[in-house]
Amino acid sequence: MSEETLRAEIIAKVREYYRLVHQPEQEEPFVPGSSYINYAGRMYDDEDMALLTDAALEFWLTHGRYARQFERDLGEWLGTRFVLSVNSGSSANLLAFMALTSPLLKERRIERGDEVITVAAGFPTTVAPIIQYGAVPVFVDIEATTANIDPTLLEAAWSPRTKAVMLAHTLGNPFDLEAVTDFCQRHGLWLVEDNCDALGSRFAGRPTGTWGDLGTSSFYPPHHITMGEGGAVYTDDPLLHKIALSLRDWGRDCWCQSGADNTCGCRFSGQFGTLPFGYDHKYVYSHFGYNLKPTDLQAAIGCAQLAKLPHFGECRRRNFQRLYERLAETSFLRLPAWHRQSDPSWFGFLIQVHESAPFSRNDLTEHLEAHGIQTRNLFAGNLTRHPCFDSLVAGRDYRLATPLPQTDAIMQQAFWIGLYPGMSEAKIDYMTDVISDFIASR
């Protein structure tokens, strides 16, 4: 039996295994009041398992041909020149931010003590790289309606030390990209879009993540596509791509693919710093970097997932619409709002309990959890109130550009429920019925 025949037979058996074992699990009937409703879940089929098996049979393991294919395919999908795959969305945010600290950027580089405008209502890894490096996050309040940055407050946040803006699109809902990019351009600031919850969203017809200087994605299972773990950094700027590639791959100056040598053609004939002339270019380091590469096993799954992304986006939009319509007339709740130029690919359905309600957010979420409906708060709520800030000094380690009343309101009154592609109409209707019945009983 030839290698090709055996490989085809193995992959055919894997597809058969999926249909026998995994497909029935994904198609279990929903029983209201008995079945548990997760806020999110992995969506996959036999193609994901087939490509994963194909990569396993090659046993390349580290960043390889599937990773390069995924980077090309994602770049084409986004309309972006350069994509670097990494091992998580958190690593993507770290890599994007650290790229802006490179000495190659000269006077535009972010240095320790420089300021980066952001928000406290979100996931901590949007902010963590700023603090870990020694820059100063400057927190601006959010809009009550969108849970995104209030762009009218940006000017109040600017100072002569401001170098960048780093923001996430909350639950897939794009922030006002026109206002934010205009602010950045007028002040000569970098813009990093944390697109981890928003892959497939658009603003003014253009994909989110491609408006700024750098965009990031996460491929953790709840997100729009998954590799299990994984992420990406993308840009149209050749210099930023060069810097990010170096930082991702140990900080080396060389750009050879894994397993390749002498791509530059002058591996032993260059002068770098005060190293001996002709020092092996593969071991020349232009940055203090990391190893943030994904494995080819992860990337193979990503290739299969990316082909399903348009369908996943359609499902998310459809599920959002059904949730919105069924809850639109419900008392005491504020439902999501979005910018008129945005077309969100929603990650979750945000609900805020009005201050005047005869019940609290926790009352409602505990009721939902007791009825088998998983809920989540809006991540950190207000990050500055968490124990990780106990050792930081306001005005030195971070700065509040404005009071944060809307951020605190989100922290106290908001939660979200799922709308991922595996959410059936029956599940959505059950969730909205449980919410409406609870409110009616109060």
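The values are calculated or read from the model by the stated rules, or taken from the named source; none is laboratory data. Note that the structure is predicted; figures quoted are calculated from it, not measured. All Cβ positions, even for glycine, are placed from backbone atoms using ideal geometry, and neighbour counts span all protein chains on display.
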Specify the residue that is farthest from Arg72 (Cα to Cα); the eligible residues are those in the range 226-258 that are among the hydrophobic types (A, V, I, L, M, F, W, C) and touching a Gly at 6+ places or on another chain (Cβ under 8 Å). Trp250
Can you tell me which condition Ala96 does not meet? The list is (1) among the hydrophobic types (A, V, I, L, M, F, W, C); (2) part of a loop (DSSP other than H, G, I, E, B); (3) surrounded by 24 or more Cβ atoms within 10 Å (Cβ to Cβ), and all the others hold. (2)
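Restricting attention to the range 23-43, does a residue exist that is part of a helix (DSSP H, G or I) and surrounded by 15 or more Cβ atoms within 10 Å (Cβ to Cβ)?
No, because not a single residue in the range 23-43 is part of a helix (DSSP H, G or I) and surrounded by 15 or more Cβ atoms within 10 Å (Cβ to Cβ).
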Applying the selection to the range 1-22, what residues are surrounded by 13 or more Cβ atoms within 10 Å (Cβ to Cβ), under 32 Å from the mean Cα position of the chain (by Cα) and of a type in the set (Val, Ile, Thr)? Ile11, Val14
Read through the list (1) in a strand (DSSP E or B); (2) of a type outside the set (Asp, Glu); (3) modelled with pLDDT under 95, then give the number of the only condition that Leu191 fails. (3)
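One line per residue, one yes/no per condition, for (1) touching a Lys or Arg at 6+ places or on another chain (Cβ under 7 Å); (2) assigned to a loop (DSSP other than H, G, I, E, B); (3) farther than 30 Å from Thr152 by Cα; (4) not small (Gly, Ala, Ser):
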residue	(1), (2), (3), (4)
Gly200	no, yes, no, no
Cys254	yes, yes, yes, yes
Asn262	no, yes, yes, yes
Gly270	no, yes, yes, no
Pro276	no, yes, yes, yes
His287	no, yes, yes, yes
What's the total number of residues in the range 394-421 that are of a type in the set (Gly, Ala, Ser), out of contact with any Phe, Trp or Tyr (no Cβ under 7 Å at 6 or more places or on another chain) and surrounded by 17 or more Cβ atoms within 10 Å (Cβ to Cβ)? 2
Find all pairs meeting these conditions: Cβ atoms under 6 angstrom apart; at least six residues apart or on different chains; first residue within the range 360-379 and among the aromatic types (Phe, Trp, Tyr); second residue crowded, with 20+ Cβ neighbours inside 10 Å. Phe379/Gly122; Phe379/Phe123
What's the number of the only condition in (1) assigned to a helix (DSSP H, G or I); (2) of a type outside the set (D, E, K, R); (3) under 30 Å from Ile149 (Cα atoms) that Ser391 fails to meet? (1)
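With the condition kept exactly as written, say whether any residue in the range 70-77 is loosely packed, with under 15 Cβ neighbours inside 10 Å and either in contact with a Gly (Cβ under 6 Å, 6 or more places away or on another chain) or not small (Gly, Ala, Ser) (or both).
The answer is yes, given that some residue of the range 70-77 is loosely packed, with under 15 Cβ neighbours inside 10 Å and either in contact with a Gly (Cβ under 6 Å, 6 or more places away or on another chain) or not small (Gly, Ala, Ser) (or both).
Which is touching a Ser or Thr at 6+ places or on another chain (Cβ under 9 Å) and not small (Gly, Ala, Ser), of Leu245, Leu214?
After ruling out the rest, the residue left standing is Leu214.
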Output the number of the condition that Ser90 fails; it satisfies all remaining conditions of (1) under 30 Å from Gly200 (Cα atoms); (2) of a type in the set (Ser, Thr, Tyr); (3) surrounded by fewer than 13 Cβ atoms within 10 Å (Cβ to Cβ). (3)
Kindly indicate whether any position in the range 84-100 is at pLDDT 95 or above, over 21 Å from the mean Cα position of the chain (by Cα) and not β-branched (Val, Ile, Thr). no
